[in-house]
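Read the structure below first, then the notes.
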Amino acid sequence: MTLYIAREASKLWRKVCMEISVELQLLLEKWKLLLAGLVFQYFHGLAARGVHYLHRPGPTLQDLGFMVLPELGKERGYISESVFTGIFLSFVLWTFHPFIYHSKRFYTVLLWRRVLAFLVASQVLRIITFYSTQLPGPNYHCREGSELARLPRPDSVFEVLLINFPQGVIYGCGDLIFSSHMIFTLVFVRTYQKYGSKRFVKLLAWLLAIIQSLLIIASRKHYTVDVVVAWYTVNLVVFFVDKKLPEMPDRTGGSPPLLPLSVKDKDSRAKEENHKLLNGNSAETADWRQRPQLNGKLVENGNHVHSEATLNGT
């Protein structure tokens, strides 16, 4: 038993090391776009902090969702954040599952490039929208009489740039249309819908997205319009941005790896080709088989011939 566990642990460690080696090579090539997407997350937080200085508390607007859904109250407001945290952490862990499991459908670095592209495009639209019109926040700390509803004039530019993290993010006001929580939730769900493999998990993910929407309204963190606009805006953004990005190579098929893993791997492949030729399986003999079309290029022997744009794309 101990020997079996040691052998399996050794195989798992080799697999993890192999995946790290491949992903690091991709990271060295794509780090600029990844870094730009991560840096924009700070600018998004900075923009949300800035609009808080413009926020003016007032009467809560008439809202259909507030009439239908009972208010959770301050004591149960954490439920919405707990569901969102669960969705966020689950998605992050899933994006790293190729390091351990054999079902390799994507490269983690390339997947996160796509996710950050979706997030940035949605957040740009969100910043433009909530700076266009400031609504009185429905959240408890944004209402009239709360000390956090209005931010005093900053003493220095550093006070703005540091955004009072994390309190400045949690207790923000004015960045309403449309919901940032729904941006992340819908981008994650859409990404798993395309690259995930478990049908049950896909159905559960969409169900959690609906539950998250209702909880955001019930906890009075956003108006119903903030959630509704997020649903159609984010889905449209993901649809159109995804069309513009070159498709990622699917690792579950018979296609060769995006990057060569080792010299030994290339040598073994060359030996297999030589063996086929020596046994009379020439290229002319294989030509009679049907060769499907892929993006205008022929596919030989069931192995995808990726274009330069696909190999270097997200």
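The values are calculated or read from the model by the stated rules, or taken from the named source; none is laboratory data. Bear in mind the structure is a predicted one, so any value in this text is a computation, not a measurement. No Cβ is skipped: glycine too gets one built from the backbone with ideal geometry, and neighbour counts run over all protein chains shown. Each accessible area value is taken on the protein alone, full model and side chains, heavy atoms only, with ligands, DNA and RNA left out. Shrake-Rupley method; radii C 1.70, N 1.55, O 1.52, S 1.80 Å.
What whole number of Å gives the distance from the Cα centroid of region 193-251 to the Cα centroid of region 28-82?
Distance between centres, Cα-based: 16 Å.
Report the local net charge at residue 65: Lys and Arg +1, Asp and Glu -1, summed over other residues whose C-beta lies under 12 Å from its C-beta.
-1
Rg and Dmax in Å for region 50-184, alpha carbons only: what are they?
For region 50-184, the Cα-based Rg and Dmax read 18.3, 56 Å.
Taking the simple approach of a point 7 Å from Cα along Cα-to-Cβ for both residue 20 and residue 43, what is their distance in nm?
3.3 nm
Pop a pseudo-label 7 angstrom from the Cα along the beta-carbon direction at both residue 156 and residue 203 and give the gap in nm to one decimal.
Distance between label points: 5.7 nm.
Run the dipole for region 1-135 about the Cα centre, Lys and Arg Cβ at +1, Asp and Glu Cβ at -1, nothing else charged, and hand back the magnitude in debye, nearest 20.
Dipole about the Cα centre, nearest 20: 460 debye.
Ignoring ligands, DNA and RNA, what percent of the accessible area of region 8-150 is carbon or sulfur (1.4 Å)?
Carbon plus sulfur share of accessible area: 68 percent.
What GluC sites (Glu not before Pro) does region 105-198 have in DSSP loop regions with at most 13 other beta carbons within 10 Å?
Loop-located and lightly packed - 144, 147.
Could you tell me which of 50, 138, 112 has its Cα farthest along the dipole of region 1-139 towards the positive end, charges placed at Cβ (Lys, Arg +1; Asp, Glu -1), taken about the Cα centre?
112
If you average 1/r over every pair of different alpha-carbon atoms in region 184-229 and take one over that average, what Kirkwood value in Å do you get?
It is 11.3 Å.
State, to one decimal in nm, how far the label point of residue 35 lies from the label point of residue 85, with both points 7 Å from Cα in the Cβ direction.
For residue 35 paired with residue 85, the spin-label model returns 3.2 nm.
With a probe of 1.4 Å, find how much accessible area region 63-199 has per residue, and write the answer as a whole number in Å².
Result: 53 Å² per residue.
Just to verify a number: FRET efficiency for residue 67 and residue 242, C-beta to C-beta distance, R0 = 25 Å, to 0.05?
0.10
Counting Lys and Arg as +1 and Asp and Glu as -1, each charge on the Cβ, what is the dipole of region 44-88 about the Cα centre in debye, to the nearest 20?
In debye, rounded to 20, region 44-88 gives about 180.
Counting Lys +1, Arg +1, Asp -1, Glu -1, what net charge surrounds residue 206 among other residues with beta carbon under 12 Å of its beta carbon?
+3
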